[in-house]
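Below you'll find the structure, written out as structure tokens, and then a few comments.
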């Protein structure tokens, strides 16, 4: 597969519409999953805590007070962890959308140049970019259309 190595790009957004769509969907799905998980953990934690408190007659009063005071700390820690995971999911979605949109942007830009020049030219991506097969197949089509029949 003919690919040449290019300098790394620093542009973060290529196809705004696609990247916005991808980031919002990915982040929304992760957020919904994490909120569901958070709600389940909170419900489970509250049930376990309430069961322990129902057995309060078996525990010393200071132990029950300690559990009641610290349960909100645990919930706040879980909430902070949830927020950090949502932020992390947005960062991961941005990185993945860039890895997908970058090669598509380069291919689209190459096709626009081919249209302006009224000539098909071979296309190459950076080494390791996604859609390397697309570039290879595009170049194969160019070779076949250039061959005399």
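The values are calculated or read from the model by the stated rules, or taken from the named source; none is laboratory data. Please read all numbers here as calculations on a predicted model, not as lab measurements. Note: ideal-geometry Cβ built from the backbone for every residue, glycine included; neighbour counts use all protein chains shown.
Remarks
Quick grid of which residues meet (1) assigned to a helix (DSSP H, G or I); (2) more than 28 Å from the chain's Cα centre (by Cα); (3) at pLDDT below 75:
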{"site": "29", "(1), (2), (3)": "yes, no, no"}
{"site": "38", "(1), (2), (3)": "yes, no, no"}
{"site": "47", "(1), (2), (3)": "yes, yes, no"}
{"site": "51", "(1), (2), (3)": "yes, yes, yes"}
{"site": "84", "(1), (2), (3)": "yes, no, no"}
{"site": "93", "(1), (2), (3)": "yes, no, no"}
{"site": "97", "(1), (2), (3)": "yes, no, no"}
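- Some residue of region 129-144 being surrounded by 12 or more Cβ atoms within 10 Å (Cβ to Cβ) and closer than 19 Å to residue 27 by Cβ: no
- Criterion applied to 71, 19 was being in a helix (DSSP H, G or I), under 27 Å from residue 129 (Cβ atoms) and either at pLDDT below 85 or touching a helix residue (DSSP H, G or I) at 6+ places or on another chain (Cβ under 9 Å) (or both), and the one residue passing it is 19.
- For region 101-128, the set of residues classified as under 18 Å from residue 17 (Cβ atoms) and surrounded by 18 or more Cβ atoms within 10 Å (Cβ to Cβ) consists of 101, 102, 103, 105, 106, listed by residue number.
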